[in-house]
1. Kindly evaluate residue 5 against the criterion of being farther than 30 Å from residue 149 by Cβ and in a helix (DSSP H, G or I).
2. Please go through region 61-94 and give me each residue that is more than 28 Å from residue 51 (Cβ to Cβ) and without any contact (Cβ under 8 Å) to a residue 12 or more places away in the chain, ordered by number.
3. Here is a list of conditions, (1) in contact with a Cys (Cβ under 6 Å, 6 or more places away or on another chain); (2) polar (S, T, N, Q); (3) under 22 Å from residue 178 (Cβ atoms), and residue 50 meets all of them except one; can you say which number that is?
4. Does residue 281 fit the bill of being in a helix (DSSP H, G or I), over 20 Å from the mean Cα position of the chain (by Cα) and among the aliphatic types (A, V, I, L, M)?
5. Can you go through 33, 83 and tell me which one is touching a Lys or Arg at 6+ places or on another chain (Cβ under 9 Å), assigned to a loop (DSSP other than H, G, I, E, B) and closer than 26 Å to residue 152 by Cα?
6. Here is a list of conditions, (1) crowded, with 21+ Cβ neighbours inside 10 Å; (2) under 30 Å from residue 305 (Cα atoms); (3) among the charged types (D, E, K, R), and residue 93 meets all of them except one; can you say which number that is?
7. I'd like to check which helices (runs of 4 or more DSSP H) are fully inside region 182-261 and have at least 3 residues that are in contact with a Phe, Trp or Tyr (Cβ under 9 Å, 6 or more places away or on another chain).
8. Among the candidates 145, 192, 122, 130, which residue alone is buried (at least 21 other Cβ atoms within 10 Å of the Cβ), in contact (Cβ under 8 Å) with a residue 40 or more places away in the chain and in the same structural domain as residue 20 (by TED's automatic domain parsing)?
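The values are calculated or read from the model by the stated rules, or taken from the named source; none is laboratory data. What you are looking at is a predicted structure, and each value in this text was computed from that prediction instead of being measured. Don't worry about glycine lacking a Cβ; one is built from the backbone with ideal geometry, like all the others, and counts go over all protein chains shown.
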Amino acid sequence: MYPWQSASWHLLINRLQQGNLPHALLIHGPVGAGKASFAEQLLQRLCCEQYRSLSPDEIACLVCPACQQFAVGSHPDISRLSAKEGENSIKIDAVRQMIDWLQVTPQYAGFKVALLSDADLLTRGAANSLLKTLEEPASSDLIMLTTSSPAELPVTVRSRCQSINLGHYEHTLAEQWLTEQGIDDSASALRLASGGPLAALAAMDDEQRKSRELLFGAWHNVLLGKASIARSVEAVAALPVRLCLRHFMGWTADCVKLQINTEAPITDSARKSALLQLSTVLDTETWFKVYDDLLHLYQIDSASFKTPTVLEGIFADIRLKIGQ
């Protein structure tokens, strides 16, 4: 259990031991908050035959038949659902199969648990098909949804789940953990990763650093007119589109903050001098429009778009805004 997850874990375990665990959980938080590992550990706890007698800090007994089946991935009362490899959505047929599975009587005396990862990828039809099960679950059923983008789920789904926000924690816990992993400026690394400690750790490797440098170079050159759109796009065409959008949104937000107050704390403090220069290129209202456009692209199914196509549109629109 990561230290920043401890409060959420103990809240759920206390409810479990009191016999009032919610029938549906929405586990969310920024990229790198550890949602997948948290959900798996909760799965393991719920499927252990000794789950009621374990201490709050224990995951599972590891020796009962149920734990042994969990260890080899054959526990009959667990179902996992996510988008198929190569696809960017979770379709209605897959959700219906999961719902049919939930109707079957559990083989053990504990819970029957369905884990739906990246729930924001549910199609509208798939999300709607899930509603009745969320409204009228069997007493032994638990549905867990994980997502980094809870706002992309229909309100009807969110309202039927107990929210577990792994992004709402005391940042000193994550900063200390990052320091222990060898990160020098853990506070800056955490801000740069939008509060996701695991993402902050991953971002420190050479490949991630190189990607950020390439992206900032393209962003900087487009805003200051130092390179053509085609050349700027070519420099970062191989990077995932959602990675590009996340960084562009972060730098846009920093420019807004610096334009309002040059001493404001920003996410990418290492690039403050360059961002100060960029903040003067557009007025505050236009910067907000740029952010809204980036956010809209991020919230739709942008993972299926080709990076050059998306960036050509973004950069061309920015150049038009600069010229107005």
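1. no
2. 84, 85, 86, 87, 93
3. (3)
4. Details: in a helix (DSSP H, G or I): no; over 20 Å from the mean Cα position of the chain (by Cα): yes; among the aliphatic types (A, V, I, L, M): yes.
Considered against the rule, which asks whether it is in a helix (DSSP H, G or I), over 20 Å from the mean Cα position of the chain (by Cα) and among the aliphatic types (A, V, I, L, M), residue 281 comes out as no.
5. Details: 33 fails: touching a Lys or Arg at 6+ places or on another chain (Cβ under 9 Å).
Among 33, 83, only 83 is touching a Lys or Arg at 6+ places or on another chain (Cβ under 9 Å), assigned to a loop (DSSP other than H, G, I, E, B) and closer than 26 Å to residue 152 by Cα.
6. (1)
7. Details: elements: 186-192, 197-202, 206-224, 229-236, 241-260.
The qualifying helices (runs of 4 or more DSSP H) are 197-202, 206-224, 229-236, 241-260.
8. On the way: 192 fails: in the same structural domain as residue 20 (by TED's automatic domain parsing); 122 fails: in contact (Cβ under 8 Å) with a residue 40 or more places away in the chain; 130 fails: in contact (Cβ under 8 Å) with a residue 40 or more places away in the chain.
Just one listed residue meets the conditions, 145.
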